[in-house]
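Chemist: The structure's right below; bear with me while I get my questions together.
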């Protein structure tokens, strides 16, 4: 009983920043930390959605929250947003780097601009936000949580830019964790499996336009709420790595130690391909 009561108070009045917080896992994270009593700063590109979400949080959960229109790929915009959060709340206790985009196209068909945009959002977005928030996080001995993917350690076909951005996140934040040793700041990388969000529905194709094809069928899909709950529990325990879904451990094992077997057996399945299909 004591542990449950204590856990319920860990994030009460703490300042939590969530990027890409209006939909999918981001929105589910906002709701979960609001339920835990946190004060929320939500960064997103959709002004109307931000206003609606902040209103909902205040009316239904009594949560103190602000919504800031911010493109995480824009370093200056991020710096301004983090300054506003600090001015409003006095500091930052937890940064959730959730904003991200994906694509579905072969490397040969993918224009350079698509690679640049995906890296700008998925990788440099996390760089910008963490850089801007880090002094406050160190002062409060806070946490940085980064949404990676199973593709951070096992590739997916037709997602070369997305895969690269997730590998880059692991390289960056594993280094940052080591550099922050002794500072009191925890760094947690989260690798969800396939989740029911709009990320795949809004995937780019090679020319940079949004796909008109339905999401590929890839077996069991987790709910955004279940993923958010797992992340919340991981944050309570200040974990270093959170790997979700029942297939990821096999993907990690095969991709690292049995790459040929992984490419032949598991890679097509993870990429949403039926036997004998090209899948695009």
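Readers should treat all values here as calculations from the given coordinates under stated rules, not as data from a laboratory. Predicted, not measured: the structure shown is a model, and the values here were computed from it. A quick note on method: Cβ atoms are made from the backbone with ideal geometry, for glycine too, and the neighbour counts reach across all protein chains shown.
Chemist: Can you compute the modelled spin-label distance between residue 77 and residue 51, with each label point 7 Å from Cα toward Cβ, in nm?
Modeler: 1.8
Chemist: Related question: Over all distinct Cα pairs, what is the inverse of the mean 1/r for the range 25-110, reported as the Kirkwood hydrodynamic radius in Å?
Modeler: On the way: mean 1/r = 0.0707 Å⁻¹.
This gives a value of 14.1 Å.
Chemist: Return a whole-number percent for the relative contact order of the range 123-190, with Cα pairs under 8 Å and 6 or more residues apart as the contact set.
Modeler: Values: 63 pairs, mean separation 31.0, N = 68.
So the answer I get is 46 percent.
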